[in-house]
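Working notes, beginning with the structure itself.
The values are calculated or read from the model by the stated rules, or taken from the named source; none is laboratory data. If you're wondering where the values come from, they're calculated on a predicted model, not measured in any experiment. Reconstructed Cβ throughout: ideal geometry from the backbone, glycine too, with neighbour counts over all protein chains shown. Ligands, DNA and RNA are excluded from the accessible area calculation, which covers all protein heavy atoms including side chains. Shrake-Rupley method; radii C 1.70, N 1.55, O 1.52, S 1.80 Å.
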Amino acid sequence: MALLYCACAVIALIAPLGVLAWRSVSGPDGGITLAYYGRYLSSPSLRRSLIDTGVLGGLAIVSTLPLAFLFAYGLERSNIRLKGALAAIGTLPLLAPSLLPAMALVYLFGRQGLLTPWLHGHVIYGAGGVLLAEVVGAFPHAVILLRTALSAADGRLYEQAQMLGASPWRIFWTVTFPAARYGLVSAAMVVFTLAITDIGAPVVIGGDFNVLALDVYKQVLGQQNFEMGAVVAMLLLAPSALFMGLERMAMRRQSAMISARSTGFVASPSRLRDGGLWLGCGAIALAIVGLLAVCQMVALVKMWPYDLSPSATSYDLGRYDGGWISILNSVELALAVAVVGAAVAFAGAYVTQRTRGTPALRHAFSLMALLPAAAPGLALGLAYALFFDDPANPFHFLYGGFAILVIATVTHFYTVAHLTSMSALKALDPEMEPAAAMLGRGPATVFWRIATPICAPALVEIALYLFVNAMTTVSVVVFLYPADFKLASVAVLNMDDAGDMGPAAAMGMLIFYVNLAVRIAGQWGAGVLRRRLAPIPQASRG
Amino acid sequence: MLSVQGLSKRFGAAVALDGVDLEIERGAFTCLIGPSGCGKTTCLRVLAGLEPATSGVVLSEGRDITGLSAAARGVGMVFQSYALFPNMTVSQNIAFGLSRKTSPLVRQRRVDELLQMVGLPGFGARRPVQLSGGQQQRVAIARALAPEPRVLLLDEPLSALDPQVRERLRGELKDLQRRLGVTTVMVTHDQAEALAIADHIAVMRAGRVEQSGAPQDIYDAPTSAFVAGFVGAMNLLPARVSAAGVVEAAGLGSMAAATAGFAIGEAVQLGIRPEAIVLAPPGMADGVGARIHRREFLGAVVRLDVLAGVGAVPLLVDVPAHCAPLSDDALRLVLPPQRLRLFAVD
């Protein structure tokens with residue numbers, strides 16, 4: 001089993017990325033050359049985008065983290081009202097394609113934006129707009145990481161600090177902040193990686209502002225220059241690999257912060273603090289809902305922003321390339337990715353963690369399972385295009401089909417699915433397998449009859465994560481989808497590019513609603529499964 | 001009925017078992033005890049067939065079962081955590097190891113019979129989380145017994161419980177074992193538990209069986225200073241055989257003891273149990289002078305921590321609570337020769 005998993009990982013990840021690296025250095029005569037890198041670095045406009053990308057990532061960190069920290073702090077360390085609603089709203093951007101916030105900004109502050117006059121002659125297009133859109137997109141990811149860091153508070157430390165007479169300000173800087181610092185590092189790495197690898201916002205709102213991701217997109221789709229595309233993809237891959245590596249290290253440190261003897265933290269009542277946090281969190285939630293509402297309004301009016309009378313013409317999607325079918329295609333892909341991905345990742349985690357044979361292979365697989373997080377979607381998508389397009393490749397038959405979309409998407413989001421499975425399985429008593437072996441049942445029986453039912457809620461959550469991401473991703477699939485299988489997220493991009501504002505907004509919001517419905521249903525299902533597994537204990541130990 | 005000969009187990013360079021020999025009698029309750037890392041759990045897992053032995057054989061009724069799988073050995077095991085399957089009911093847990101070829105009706109009858117046997121009739125529909133620790137343990141025993149194993153292995157089955165519950169349950173465990181008459185091997189690090197429950201004890205140390213025998217024999221006649229110190233409390237003093245029947249204990253002076261097996265002039269360890277030391281009646285000139293350094297009230301007995309002899313040698317002395325000296329004044333201790341034991345120096 002471990003061998004099978006390693007083989008799959010090599011075919012689905014290592015080999016394509018290897019081909020990508022190879023194509024970036026192989027000259028027309030078959031030798032190794034750095035000419036493409038040289039040409040890239042000598043082109044002033046391309047060199048400019050390299051620097052701009054770095055600056056964008058840095059600015060995204062400094063703008064996102066304070067907002068996300070405030071929001072996470074409000075949810076975890078205060079007594080503000082409507083925490084549940086705020087938390088749910090904070091994650092809404094995850095359900096929409098990354099280009100939706102950028103589109104909303106254009107509708108508000110673009111050339112024909114509703115609020116453009118407020119900018120006094122300035123325009124949103126360019127670095128500022130991209131940055132704003134990236135902040136919205138990365139915000140939920142940062143909030144999730146920071147909430148984890150802040151929720152792991154050791155109540156004993158706070159009691160001790162209070163006993164010693166420390167002021168709330170001092171407690172914040174000496175207890176809260178140090179405990180959350182690895183969470184902050186980890187959130188910074190994720191924000192940076194998301195900001196520099198995103199393709200949606202730069203296309204929609206970038207104007208003349210160029211970034212690496214856009215370069216890959218243009219080189220490959222615009223100029224059919226795969227070698228240069230590979231070079232840029234490699235330049236994009238290096239920092240994200242580095243940063244995701246640092247993120248993993250920070251995560252490991254973070255989880256070591258909480259000891260088994262920690263006690264829970266209960267926020268003390270404070271009207272001033274809660275009032276301030278409520279204002280801050282409320283404003284952020286309002287901004288998120290506002291951006292989504294703007295998109296919905298654009299889809300429902302005759303001619304934004306000139307004629308705001310209601311109209312359903314934008315929903316006549318059949319007129320556009322892809323149209324309604326592309327939504328169905330996306331749902332089909334997302335379902336396949338969710339089911340296949342959750343099953344494969346869970347079984348893979350079971351084999352790596354709970355079987356005893358072939359330790360070297362299991363270790364190798366657990367390392368390879370962490371790699372996809374380091375590969376930007378565009379780099380992976382291009383790597384797939386290069387690898388499977390080659391007629392000499394025995395897996396060439398996959399190219400241009402549905403299967404390759406599923407494989408690429410599952411691979412792209414594999415790391416989170418794998419790690420979630422691993423931690424779900426870790427909660428399972430390590431003596432389950434020996435206990436079953438003593439009764440004449442092998443690991444396969446334990447997997448089906450014990451591990452799977454117990455981890456069913458986690459499996460539903462993994463499937464949800466994969467579904468939502470498969471619905472919204474553009475970068476992995478943009479080089480891979482066949483002409484007769486248009487996807488909704490790509491259709492939004494194309495419609496927006498063509499200036500069809502209303503339909504693009506309508507399609508983008510449709511994706512959002514599908515994801516919202518699936519997430520509500522999935523979380524309800526996971527809750528039911530969880531309650532069924534753990535009835536309230538009637539007797540205590542002893 | 002179960003016989004282990006020259007069993008060794010290595011994990012890479014680490015030696016977990018280093019030639020274990022063990023005889024397990026039919027129907028008896030055998031305890032493997034020893035400090036952590038002595039290999040007792042590894043030994044149990046090799047007996048169970050969960051770990052392959054590096055060398056040596058395991059015989060069951062004279063038949064070599066060393067190469068057989070866990071299930072084929074006819075051995076049942078109860079794990080430290082009980083390892084009950086949390087998603088299944090008590091009945092499903094117990095039925096897990098029953099052959100799928102038997103009809104559901106027969107299986108259900110067997111499950112009911114086992115629940116009756118462990119004293120949990122009517123608990124079949126519950127889930128493990130709805131049971132107390134003691135009840136979980138009994139379900140684990142019922143599950144292990146379901147396929148009718150010849151031997152039942154218990155890996156620290158009492159260690160997950162609170163101290164009071166543990167004492168009650170070890171009695172119940174012993175009753176159950178005697179009633180069923182199933183050959184049982186239990187691993188524990190708690191020597192008091194082993195003394196209380198076992199028919200036969202094997203004391204392990206560094207991958208070997210150091211001594212085995214009935215609990216009373218192990219307690220009364222330990223063959224090494226290690227066993228003496230591990231099972232019960234024992235005062236161990238450096239000493240030297242000065243003549244046949246006489247030892248010279250450092251700081252205490254000469255005293256009579258059985259020196260058979262030791263050469264004149266040989267360095268030895270002199271051992272005496274705290275309860276074997278006798279307080280001389282006031283006014284007697286017998287024994288060694290001592291003064292009380294600290295006293296611990298243990299309920300039925302008082303443990304005196306005394307400094308004895310010219311060398312102020314620390315000794316533990318247990319005296320019944322009603323006989324404990326009232327003051328910490330000087331007292332005299334008698335070390336009865338028949339209760340002194342000599343051990344080779346490690």
For the stretch A:110-119, indicate whether the set of residues that are farther than 20 Å from A:Cys295 by Cα, out of contact with any strand residue (DSSP E or B) (no Cβ under 6 Å at 6 or more places or on another chain), crowded, with 16+ Cβ neighbours inside 10 Å and of a type outside the set (A, V, I, L, M, F, W, C) is non-empty.
no
Top-ranked residue of the stretch B:119-154 - restricted to ones that are of a type outside the set (Asp, Glu), more than 9 Å from chain A (Cβ to nearest Cβ) and farther than 12 Å from B:Val90 by Cα, ranked as nearest to the chain's Cα centre (by Cα):
B:Leu154
Condition (residue is among the aliphatic types (A, V, I, L, M) and open to solvent by less than 10 Å² (accessible area, probe 1.4 Å)) applied to the stretch A:351-364: is it met by at least one residue?
no
Restricting attention to the stretch B:75-112, and to residues there that are open to solvent by less than 20 Å² (accessible area, probe 1.4 Å) and under 27 Å from the mean Cα position of the chain (by Cα), which single residue is farthest from B:Phe123 (Cα to Cα)?
B:Val75
Boolean, A:Val340 is crowded, with 20+ Cβ neighbours inside 10 Å and assigned to a helix (DSSP H, G or I):
no
For the list (1) under 27 Å from the mean Cα position of the chain (by Cα); (2) over 19 Å from A:Leu114 (Cβ atoms), I need the number of the one condition that A:Ala299 fails.
(2)
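Each row is one residue, and each column tells you yes or no for (1) more than 8 Å from chain A (Cβ to nearest Cβ); (2) over 21 Å from B:Ser8 (Cα atoms); (3) of a type in the set (A, V, I, L, M, F, W, C); (4) in a loop (DSSP other than H, G, I, E, B).
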| position | (1), (2), (3), (4) |
| --- | --- |
| B:Ser36 | yes, no, no, yes |
| B:Thr41 | yes, no, no, no |
| B:Leu47 | yes, no, yes, no |
| B:Glu51 | yes, no, no, yes |
| B:Gly56 | yes, no, no, no |
| B:Leu59 | yes, no, yes, no |
| B:Gly76 | no, yes, no, no |
Where residues in the stretch A:243-272 are in a helix (DSSP H, G or I) and open to solvent by less than 60 Å² (accessible area, probe 1.4 Å), which of them is modelled with the lowest pLDDT?
A:Gln254
Report yes if some residue within the stretch A:151-161 is surrounded by 18 or more Cβ atoms within 10 Å (Cβ to Cβ), among the polar types (S, T, N, Q) and in a helix (DSSP H, G or I); otherwise report no.
no
Filter result (within 24 Å of A:Arg354 (Cα to Cα), open to solvent by 30 Å² or more (accessible area, probe 1.4 Å) and among the hydrophobic types (A, V, I, L, M, F, W, C)) within the stretch A:389-442:
A:Val416, A:Leu419, A:Met422, A:Ala427, A:Ala437
How about the stretch B:122-161: which of its residues are out of contact with any helix residue (DSSP H, G or I) (no Cβ under 7 Å at 6 or more places or on another chain), without any contact (Cβ under 8 Å) to a residue 40 or more places away in the chain and closer than 29 Å to B:Ser36 by Cβ?
B:Ser132, B:Gln135, B:Arg138
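Just to be sure before I move on: is B:Asp286 in the same structural domain as B:Ala324 (by TED's automatic domain parsing) and open to solvent by 40 Å² or more (accessible area, probe 1.4 Å) in the structure I sent?
Against the criterion (in the same structural domain as B:Ala324 (by TED's automatic domain parsing) and open to solvent by 40 Å² or more (accessible area, probe 1.4 Å)), B:Asp286 qualifies.
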Taking the condition β-branched (Val, Ile, Thr) and touching a Pro at 6+ places or on another chain (Cβ under 6 Å), does A:Thr91 pass?
yes
Considering (1) part of a loop (DSSP other than H, G, I, E, B); (2) within 11 Å of another protein chain (Cβ to nearest Cβ); (3) not basic (Lys, Arg), say which one B:Asn93 fails and leave the rest.
(1)
Could you please let me know if B:Pro157 is more than 8 Å from chain A (Cβ to nearest Cβ) and open to solvent by less than 40 Å² (accessible area, probe 1.4 Å)?
yes
Do the conditions hold for A:Ser309, that is, is it surrounded by fewer than 24 Cβ atoms within 10 Å (Cβ to Cβ), under 21 Å from the mean Cα position of the chain (by Cα) and not hydrophobic (A, V, I, L, M, F, W, C)?
no
Positions within the stretch A:316-328 being surrounded by 16 or more Cβ atoms within 10 Å (Cβ to Cβ) and closer than 26 Å to A:Ala133 by Cβ, in sequence order
A:Leu317, A:Tyr320, A:Gly322, A:Gly323, A:Ser326, A:Ile327
Out of (1) within 14 Å of chain B (Cβ to nearest Cβ); (2) over 16 Å from A:Ala336 (Cα atoms); (3) at pLDDT 90 or above, the odd one out for A:Leu529 is which?
(3)
